[in-house]
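The values are calculated or read from the model by the stated rules, or taken from the named source; none is laboratory data. All figures in this text were calculated on a predicted structure; none of them were measured in a lab. Ideal geometry is used to build each Cβ from the backbone, glycine not excepted, and the neighbour counts take in all protein chains shown.
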Amino acid sequence: MRTPIIAGNWKLNNTISESLELVKGIHYGLTDVSGVEVVVAPTYTAISKVADFLKDSAIAVSGQDVFWEDSGAFTATISAPLLKDVGADYAIIGHSERRQYFGETDEMVNKRVKAALKHNLIPIVCVGETLEEREAEQVEKVVNTQLSGGLAGLTSEEIAELVIAYEPVWAIGTGKTASPEQAEEVHQLIRNIVASDFGQEAADKVRILYGGSVKPANSKELMSQPNIDGALVGGASLKADDFLGIIKNI
Ligand code: 13P
């Protein structure tokens, strides 16, 4: 039985006070909710204050990225020990915005995943195809390449503990959600790839989240698919009521 995860990726949004207001709204709205892990990924200027507020809460904190070195002359990066230091338990890795705007490759994703695991941060590894790739019927090839590159050299035990997020690039921030059938098809594919590369036990345990224009109105149907174990939410995670609606729908 896989415990579902609803994670909010706040991206480049919210001052410290806006972040605290948002996280308070989520925290106090969750009193009657169980059986789901809730994660928030604030900006680096707000993460420490948000994590302090959540210290005694069941809501976990995530970095939006993590660098592979622990410390040193690496301007503008964040490391796994620094994320652990503020109280984070997760790190989003290889988000399509990192790939698109910052040139992130599968090899870099792999180094980040290994650094996160070394310091007991749970990686949320993002994969997904662009619209052109979907139209060219390249979904399987793209996802396979991203997974084999990003997860290279990991053990089955490590795979079982991490989280994969399928985020079709054409569905991110566009209002165009993958249909539950489209999403389930790729989630099943991802689980099959994990099974053939790392074994059935790892495939049964790994949690696979869907991301891309998830909102309360579409989350129930998406989350009821057998291979969808939760959501990585962007825009709708910036409003406490919407985020709570998605969590409660699961
Ligand atoms: P939206 O929910 O805004 O489409 O963003 C999805 C996403 O990129 C989460 O990481």
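Suppose the filter is out of contact with any helix residue (DSSP H, G or I) (no Cβ under 9 Å at 6 or more places or on another chain) and away from the ligand (no atom under 16 Å from the Cβ); does GLU181 pass it? Here the answer is yes, as GLU181 does meet what is asked.
Where residues in the stretch 220-236 are out of contact with any Lys or Arg (no Cβ under 9 Å at 6 or more places or on another chain) and not aliphatic (A, V, I, L, M), which of them is farthest from the ligand (Cβ to nearest atom)? Talk me through it step by step, then tell me what you get.
Step one: of the stretch 220-236, the residues out of contact with any Lys or Arg (no Cβ under 9 Å at 6 or more places or on another chain) are 220-226, 228, 231-232.
If we keep only those that are not aliphatic (A, V, I, L, M) as well, we get 220-221, 224-226.
Details: LYS220: 16, GLU221: 16, SER224: 18, GLN225: 17, PRO226: 22 Å.
If we take residues in the stretch 220-236 being out of contact with any Lys or Arg (no Cβ under 9 Å at 6 or more places or on another chain) and not aliphatic (A, V, I, L, M), then PRO226 is farthest from the ligand (Cβ to nearest atom).
Here are the criteria: (1) farther than 24 Å from TYR210 by Cα; (2) surrounded by fewer than 22 Cβ atoms within 10 Å (Cβ to Cβ); (3) modelled with pLDDT of 95 or more. Tell me which single one THR31 does not satisfy. Tallying (1) farther than 24 Å from TYR210 by Cα; (2) surrounded by fewer than 22 Cβ atoms within 10 Å (Cβ to Cβ); (3) modelled with pLDDT of 95 or more, THR31 fails exactly one: (3).
When you check THR155 against the structure, is it of a type in the set (S, T, N, Q), modelled with pLDDT under 95 and surrounded by fewer than 16 Cβ atoms within 10 Å (Cβ to Cβ), yes or no? Step through it out loud before you land on a result.
Working: of a type in the set (S, T, N, Q): yes; modelled with pLDDT under 95: no; surrounded by fewer than 16 Cβ atoms within 10 Å (Cβ to Cβ): yes.
No.
The condition of being over 19 Å from ALA165 (Cα atoms) and surrounded by 15 or more Cβ atoms within 10 Å (Cβ to Cβ) holds for only one of ASN13, ASN9, that being ASN13.
Conditions (1) more than 15 Å from the ligand (Cβ to nearest atom); (2) touching an Asp or Glu at 6+ places or on another chain (Cβ under 8 Å), marked per residue:
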| residue | (1), (2) |
| --- | --- |
| GLU161 | yes, no |
| GLY173 | no, no |
| GLU185 | yes, no |
| LEU189 | yes, yes |
| VAL194 | yes, no |
| GLY199 | yes, no |
| VAL214 | no, no |
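Entry remark, the stretch 58-100: residues being more than 16 Å from the ligand (Cβ to nearest atom) and of a type in the set (Lys, Arg) number 1 in total.
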